[in-house]
Amino acid sequence: MLKTINCTVNGRAMELQVDVRESLLDMLRNRLHLTGTKQGCGVGECGACAVLIDGETLDSCIYLAVWADGKDIVSIEGLTGADGSLSDLQQNFVDKGAVQCGFCTPGFVVSATALLEKNPNPSKDEIRRGLSGNLCRCTGYQKILDAVESTADQRRNK
Amino acid sequence: MEHKVIGKSVERWDAIAKVTGRANYTGDIPQKELLYGKICRAKITHGKVKNMDISEALKVPGVIKILTPDDVPEISFPTAGHPYSLDPKFADIADRRILTRNVRLYGDEIAAVIAESELAAEIAASKIKVEYEEYEFYLSPEEALKEGAVEIHEGTKNILAATKAEIGDIDTGFKEADFIVEDVCATPIIQHCQMENQIAYAYKDVDNRWVCVTSTQIPHICRRILGQAFGMPWGRFRVIKPFIGGGFGNKQDVTIEPLVVAMSMAVGGKPVMVDLHREEVFGWTRVRHAISYKVKMGFTKDGVITAADIEATSNNGAYASHGHAIVAKGGGITTAIYKIPNFRYRAKTVYTNTAAAGAMRGYGVPQITYALETFMNKVSIQTGIDQFELREKNLTKVNEENPLLHMVQHTMSLRECFAKGKEIFKWDDKRKSIDKDKNTASDYVRGLGMAAFAYTSGAYPKTMEIGGCRLILNQDGSIKLMVGATEIGQGADTVFSQMVADTIGIPFEWVIADAYTDTDIAPFDTGAYASRQTFVSGMAVKKAAVELKEKILQAAYDFSKIGNKVPIEDLDIVDGNIIQKHNGQILETLGDLALKTYYDLHSGSCLTADVSNKCTKNAYPYGVTLTEVEVDKKTGKVEVLSILNVHDSGKIINPLLASGQVEGGMAQGLGYGLAEELKYDEKTGKPLNNNLLDYKMPTFMDVPDLDVAFVEIEDPVGPYGNKSLGEPPLCSPAPALRNAIIDALGIYVKDIPVTPQKIIEALSENREV
Ligand code: FES
Ligand code: FES
């Protein structure tokens, strides 16, 4: 069954027809071709599909598209500047070598963006806890930690 | 030699695409009229499909076709990502069918549905009715080898292979020993958990050939195996690999590719995609071999090894995949690290009804390293000889041939690694502090552990090693790089680009890499495995770069005017300019020269180099893990206080990427040592924890700060003095952690993963070390 929803995706208001069984992840990837958001498990275990819903980090694979009605959704594509410029956090992921295969990266960037929004001065432990819903098998998390810490440092010293 | 780009932490060329979500992985590429495939999996663990009724499944709206074993070629094929063997004696075992009537593990692939949506395919797959004939099943080698066990593969007695390698005479060796130590240990089945699941789609192309787009580490091998699976000329297939979300060996095997091609063939060449669920990847792609060891060694009273006898039994699961190669590698790795005058290494690989074990980062070396390094720890405790000293007494010597790997070891740097590690880690200070606290009664106890390893670079001389590279000088002086080696996240393309830039004399940014490996375009190379690419493929890249540079300088000479000619020996390329060597004067830019080579009316040509290079060398990297843990005796919980890996991988091409490789490997080693194990239900043979919630791969909170150091001893055979690095980092953390835990507790814990449960059990039994 299809249902019409109204929501904002990466700053653009839109009206969409979605299947009532469809996940927000499928809506983003298949209907809007926003394929930056990845699927690593489909059941809320890995965080590869993380997006911001009204500013909260959520796994879009276990969030129904119909629930997005009236919501403000931001995916990885919405965190990049309109001119393609990187956010300071994205730049630090690049500079610190926090990217390997890159499959977990959009989810981490989304989660860490929200984390720094809520807590501009996170300790190492707070970063670890705050990002523990995102799995990465390549990096051992070290350089992701470095990237988030550096971003917080730079913002503090600005 | 002075380097301008090699040895620098240049930014990986694809990082920006990845942080913005613009990097396209297999599932991100739009396809018109895409159909979806789902596998119908057996609901028993061992037996035969007697009957299959697909009538109800066919009624599900959106279902297009259902394939059963009758609808696919009756051809058995191998799946391992090994090079083809011209000698049939060494060919991989061909024991796979695209779909099977013989069920060899729970979830075996017995039918497949093609439908307009994934959901329809999934529903239909669940409606296929199957009648089985059931046999007894075996989850361990012991069970599979018992008298009268049903054969999982006919005529095998459930033994895939058994081999023996010998040096000297062990009886004499043990007679010469002043004392003998024995131990046993076992390692678990674990899974790769690369974040991108197996995904592939196939279609018939405009030239009537079959294209398979897939997340694979081995595009060229995959094409060959497709040819074998369909009994068709290999050139009828084309394999394309886009960006890939990790592999760690799980994608060094052909899994869903023959099936997606068969599906597309069944629907007239329309594109069909199979995107496995995480549960399927865990349960039914590939896993790491669980290997159990019996180790016996004789020593002189000074701690020098006189003899060693190792017996290894490897659980290969239900299909051969990489098979015996993995446990067999342990023999040569043992003699790569320790000098053993009298040695026997017996290895047996056994079929069971668990997931097929294949390649996984380390390829058998994490297992043998666990056995050896926990053993050496025991010897150190029993004799009182310091851990490092005991190992140093027994290390192999430089420039001697490894008697089992048949390659000379040009370096042996563990002494340097130990010294650097102890210094950075402050091992002696930590030792003192722990010893001081030893007698204070507390539930929290600390301990130190270490473990060393040796590895290889590529697979020569076990299998042939070939690398391919094509370089094209563009009109503006930039250079297009094409390799058959596979970028899977490790940064290989970035490192190859550095090699090209450094060798030719241009800025790194002038080299153009790309994410795709397409067997129609990419030079032949067997792909990402055996930590071979910077070493083996790097040799081809270097050769091509040297050749192209020669051609460029020749062109510079040819195009310069008579009278103005600088002798060719005095020409060089620096920072993208053609210069005169003796005074550094810039003669022209590489771009200006390139333009002439393209467009001069009478002479010149587009300059290219196309190299295919057989590598007939190997080099041994080494390293050590040092770690400090704290164990809570009440709960058995282990906290890793610090952990350091020191590596000798020769010259490091890109320090940032290299430390990233090491950290990732260390975290995997940590999971291996403390938490990860794929478990099976004894009653049904079903995997119990084939998901990311119940299977304990390390999360952000499980991994402490990871410390990395390199001992950069340039290797005489590596193309730029480099040796392998990708797999080594996960070889030594698990034994180092286990050694630290028993140092803390003073009791014996045998097997990994050393979970809190095992610690509590060991404590309650007060097991002696
Ligand atoms: S795909 Fe959503 S949490 Fe894994
Ligand atoms: S970079 Fe590969 S999973 Fe994180």
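Observations on the structure shown:
- ³J(HN,Hα) computed for each position of region B:635-650 - Karplus, 6.51 cos²θ - 1.76 cosθ + 1.60, integer Hz, glycine/proline x: 10, x, 7, 10, 10, 7, 7, 7, 8, 10, 10, 10, 10, 10, 10, x
- Accessible area that becomes buried as A packs against B, both chains, 1.4 Å probe, Å², nearest 100: 3900 Å²
- Global form of chain B, assessed from the alpha-carbon gyration tensor, a/c cut-off 1.5: oblate
- On chain A, 47 percent of the accessible area sits on carbon and sulfur atoms, based on a 1.4 Å probe.
- Region A:1-42 versus region B:200-264: alpha-carbon centroid distance in Å: 30 Å
- Qualifying GluC sites (Glu not before Pro) for region B:126-194 [loop in DSSP, other Cβ within 10 Å: at most 16]: B:Glu136, B:Glu147, B:Glu151, B:Glu154
- In chain B, the DSSP-assigned H stretches of four residues or longer account for a calculated mean residue ellipticity at 222 nm of -8000 deg cm²/dmol, using -39500 (n - 2.57) per stretch and the full residue count as denominator.
- On region B:682-755, 49 percent of the accessible area sits on carbon and sulfur atoms, based on a 1.4 Å probe.
- Note on region A:88-156: along the principal axes its Cα atoms extend 30, 23, 17 Å, ordered by decreasing extent.
- Residues of region B:630-673 that bury at least 40 Å² of accessible area once all protein chains are present, compared with their chain alone (1.4 Å probe, heavy atoms only, ligands and nucleic acids left out), are B:Leu656, B:Glu663.
- At a threshold of 50 Å², the residues of region A:88-137 that become less accessible to a 1.4 Å probe in the full protein assembly than in their chain on its own are A:Val94, A:Val99, A:Gln100, A:Cys101, A:Phe103, A:Arg128, A:Leu135, A:Arg137.
- Computed from phi, the 3J(HN,Hα) profile of region A:105-111 under the Karplus parametrisation 6.51, -1.76, 1.60 (θ = phi - 60°) reads 4, x, x, 5, 4, 4, 5 Hz, with x in place of Gly and Pro.
- Taking amide H atoms as placed 1.01 Å from N in the peptide plane, the amide H of B:Asp648 lies under 5 Å from those of B:Tyr622, B:Gly623, B:Val711, each 5 or more residues away in sequence or on another chain.
- Carbon/sulfur fraction of accessible area - region B:1-106, other protein chains in place, 1.4 Å, %: 52 percent
- Net charge of Cβ neighbours under 12 Å - reference B:Gly148; Lys, Arg +1; Asp, Glu -1: -2
- Charge context of B:Tyr599, other residues only, Cβ under 13 angstrom, K/R +1, D/E -1: -2
- Whichever lysines have a C-alpha closer than 19 Å to that of B:Lys432, once near sequence neighbours (fewer than 8 apart) are set aside: B:Lys420, B:Lys422
- Note, ³J(HN,Hα) from phi for region B:252-260, Karplus 6.51, -1.76, 1.60, rounded to Hz, x at Gly and Pro: 9, 8, 8, 10, 8, 4, x, 5, 5
- Qualifying trypsin sites (Lys or Arg not before Pro) for region A:1-100 [loop in DSSP, other Cβ within 10 Å: at most 14]: A:Arg21
- A crude spin-label estimate for the pair B:Arg415 and B:Asp53, with each label 7 Å from Cα along the Cβ direction, gives 7.6 nm.
- Separation of alpha-carbon centers, region B:701-720 and region B:659-677, rounded to whole Å: 15 Å
- Antiparallel %, DSSP beta bridges [both residues in region B:234-383], to 5: 50 percent
- Long-range HN-HN contacts of B:Leu160 with modeled amide H, under 5 Å: B:Thr349, B:Val350, B:Tyr351
- Loop-located trypsin sites (Lys or Arg not before Pro) across region B:1-72 with a Cβ neighbour count of 14 or fewer within 10 Å are B:Lys32, B:Lys43, B:Lys59, with loop assigned by DSSP.
- For B:Tyr132, distant residues with modelled amide H under 5 Å away: B:Lys50
- For chain B, relative contact order (Cα pairs under 8 Å, six or more residues apart, normalised by length) works out to 15 percent.
- Prolate/oblate/rounded label for region B:169-252 (Cα gyration tensor, a/c 1.5): prolate
- Probe 1.4 Å, accessible area per residue of the protein assembly as shown, Å²: 37 Å²
- Prolate/oblate/rounded call for region B:24-130, Cα gyration tensor, a/c under 1.5 rounded: oblate
- Relative contact order (percent, whole number), region A:2-78, Cα cutoff 8 Å, 6+ residue spacing: 40 percent
The values are calculated or read from the model by the stated rules, or taken from the named source; none is laboratory data. Source: prediction; values computed, not measured. All Cβ positions, even for glycine, are placed from backbone atoms using ideal geometry, and neighbour counts span all protein chains on display. Keep in mind that these areas ignore ligands, DNA and RNA; they rest on the heavy atoms of the full protein, side chains included. Shrake-Rupley method; radii C 1.70, N 1.55, O 1.52, S 1.80 Å.
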